[in-house]
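What follows is a single structure, written as structure tokens, with notes after it.
The values are calculated or read from the model by the stated rules, or taken from the named source; none is laboratory data. In this text, all values refer to a predicted model and were calculated from it rather than measured experimentally. Neighbour counts run over all protein chains shown; Cβ positions are idealised from the backbone, glycine included. Note: accessible area is taken over every heavy atom of the protein model, side chains too, but ligands, DNA and RNA are not part of it. Shrake-Rupley method; radii C 1.70, N 1.55, O 1.52, S 1.80 Å.
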Amino acid sequence: MKTIQAEFHGDQLKLNQRPDLMADDQQILIKVAAAGVNPVDTYIVAGTNNYTANFPHTPGKDAAGTIVGLGDNVEGFELGQRVYCAGTLSGASAELCLASPNHVYPLPNSLSFEQGACLGTPYATAWRALFIRANSQAAETVLIHGASGGVGLAAIQLAKAAGCRVFATAGSDAGLALLKQQGADVVANHHLPEHYQALQQAGKVDVVLEMLANQNLGDDLPLLNKGGRVVVIGSRGSVEINPRDLMARDACIMGMALANATPQQLQQIHAAIYAGAEAGFVNPVIAKRFALADTTDAHHAVMQAGATGNVVINLG
Ligand code: NAP
């Protein structure tokens, strides 16, 4: 099989030929049709943000494809089934990948393999942030600060379907147009300093999903309603806040790492994603697609400014 591998942190990604993987008793073997590319994949290859890896390392947590091998002790799946996985044992950037049954989910018929490859990290992150951490309720206002990427677009779709009013930001004209097309009620450009004023004028927010806390957290707090909640999903440095902005509002800031989701939460989250796809509102947007041999370019693309959806590797 063809697989992408790095030999050490910071290595160039190379396309290698390796013997085909085999599923052991407890594993599922998936013929990968598409692999999702997320910022965390680049952190793991680079070894930044405290991420480590076993080498040779094949990047990628999210994949979608067809089951081609089932361990003797695996129940509830069948050969040939369309599935996606949220976490792999062997890496998604390969023609074959191994996954544990508790990280494999049926792929809704309404979604393509490319779209399925965007569910594992972006949608699960958005769902856990919105509904488990922030406990967002219908008719509340949710600001998605950094909404043009994989997590943010998922959050718009989920929050709108839950009956929330959505404020959303992007850093490019194409991104802002996409947010409107996805149903955001108010949009603003997060690269313009005056965007905080524009958001303030649009009304108080109950929940903030923050993708770049090191830039925005201090300015998010005055936007909050009483009882407001800020969920820190992404941050690339430290930041100063004024705690009095929290006191005055009985507000709180909370962290969120998808890796902390319990098995029960993952079942709940992925059942909700399946139901959302069946209902039609879970509908991942593919911004850029790459061939397996161009995985390095895909890793650069996911870190570039001007996001307009998810980056995927298409192995079809
Ligand atoms: P992505 O697809 O690369 O999107 C990045 C988003 O950040 C884009 O919408 C981008 O907007 C936006 N952004 C850029 N500058 C910003 C600013 N000054 N203020 C607000 N937003 C800004 O990444 P993603 O998959 O959506 O992930 C978003 C962040 O969450 C990343 O840092 C990622 O590492 C993190 N994350 C965390 C978890 C977790 O478990 N905590 C899980 C998944 C992802 P423009 O490109 O339009 O400027």
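Along the stretch 54-66 the Karplus relation, 6.51 cos²θ - 1.76 cosθ + 1.60 evaluated at θ = phi - 60°, assigns HN-Hα couplings of 8, 10, x, 10, 9, x, x, 9, 10, 8, 9, x, 10 Hz to successive residues, with x for each Gly and Pro.
In whole angstrom, the stretch 193-316 maps to an equivalent ellipsoid with semi-axes of 32, 20, 15, each derived as √(5λ) from the alpha carbon gyration tensor and ordered largest first.
Scoring 153-166, 224-237 by mean Cβ neighbours within 10 Å over their residues and listing the highest first yields 153-166, 224-237. Note on the stretch 122-259: along the principal axes its Cα atoms extend 37, 31, 29 Å, ordered by decreasing extent.
Within the same chain, lysines fewer than 8 places from residue 61 are excluded, and of the rest, those with a Cα less than 25 Å from its Cα are 2, 14, 31, 288. What are the residues whose amide H is under 5 Å from the amide H of residue 63, where those residues sit 5 or more places off or on another chain and H is modelled from the backbone? Under 5 Å from the amide H of residue 63 lie the amide H atoms of 36, 85, 87, each far enough along the sequence or on another chain.
Using the heavy atoms of the protein chains alone and a 1.4 angstrom probe, what is the accessible area of the stretch 175-307 per residue in square angstrom?
Details: 6790 Å² over 133 residues.
Ligands and nucleic acids excluded, the figure is 51 Å² per residue.
Take the Cβ-Cβ distance between residue 240 and residue 49 as r, set R0 to 30 Å, and report the resulting FRET efficiency rounded to the nearest 0.05.
Values: r = 21 Å, r/R0 = 0.69.
Efficiency, rounded to the nearest 0.05: 0.90.
Which loop-located chymotrypsin sites (Phe, Trp or Tyr not before Pro) does the stretch 1-91 contain, where loop means any DSSP state but H, G, I, E or B and the Cβ has at most 12 other Cβ atoms within 10 Å? Please list the in-between numbers first.
Values: sites: 8, 43, 51, 77, 84; in loops: 8, 51, 77.
For chymotrypsin sites (Phe, Trp or Tyr not before Pro) across the stretch 1-91 that sit outside H, G, I, E and B with at most 12 neighbouring Cβ atoms in 10 Å, the list reads 8.
At 0.36 nm per residue, minus the direct Cα-Cα distance, what do residue 9 and residue 225 gain on full extension? Give it in nm, one decimal, please. Walk me through the numbers on the way to the answer.
Details: separation 216, 0.36 × 216 = 77.76 nm, distance 4.33 nm.
That pair, residue 9 and residue 225, stretches by 73.4 nm at full extension.
Packing order of peptides 259-267, 246-254, 177-185, 140-148, highest average first: 140-148, 177-185, 246-254, 259-267 (average count of other Cβ atoms within 10 Å over each peptide's residues).
Where the convex hull is taken over the Cα atoms of the stretch 76-136, what is its projected area averaged over directions, in nm²?
On the way: hull surface 20.4 nm².
For the Cα atoms of the stretch 76-136, the hull's average projected area reads 5.1 nm².
Measuring how big the stretch 248-302 is from its alpha-carbon positions, Rg and Dmax come out at 17.3, 53 Å.
Note on residue 68: accessible area is roughly 70 Å² with a 1.4 Å probe, heavy atoms of protein only. A viscosity of 1.002 mPa s and a temperature of 20 °C, combined with the Kirkwood radius over Cα pairs in Stokes-Einstein, give a translational diffusion coefficient for the chain of 108 µm²/s.
Measuring nothing but protein heavy atoms, the accessible surface of the stretch 122-259 at 1.4 Å probe radius is 49 percent carbon and sulfur.
Return the calculated 222 nm mean residue ellipticity for the chain, to the nearest 500 deg cm²/dmol, obtained by summing -39500 (n - 2.57) across DSSP H runs with n ≥ 4 and dividing by the residue count. Could the numbers behind the result be given before it?
Working: 10 runs with 82 residues, N = 316.
Calculated at 222 nm, the ellipticity per residue is -7000 deg cm²/dmol.
Note on the stretch 1-116: the alpha carbon radius of gyration divided by the globular reference 2.2 N^0.38 Å gives 1.04.
The phi torsions of the stretch 167-175, fed into the Karplus equation with coefficients 6.51, -1.76 and 1.60 and a -60° offset, translate into couplings of 9, 9, 10, 9, x, 9, 4, 5, x Hz, rounded to whole numbers, with Gly and Pro shown as x.
Averaging Cα coordinates gives a centre for the stretch 139-187 and one for the stretch 283-315; these two points are 20 Å apart. Sparsely packed loop sites in the stretch 185-279 (the GluC sites (Glu not before Pro) outside DSSP H, G, I, E and B with at most 12 other Cβ atoms within 10 Å) comprise 194, 240. Our Cα-only numbers for the stretch 160-203 put the radius of gyration and Dmax at 10.4, 30 Å. Please list, by residue number, everything in the stretch 160-195 whose backbone N is under 16 Å from a paramagnetic label point 7 Å out along Cα→Cβ of residue 138. Once the point is set 7 Å along Cα→Cβ of residue 138, 160-166 turn out to lie under 16 Å by backbone N, inside the stretch 160-195.
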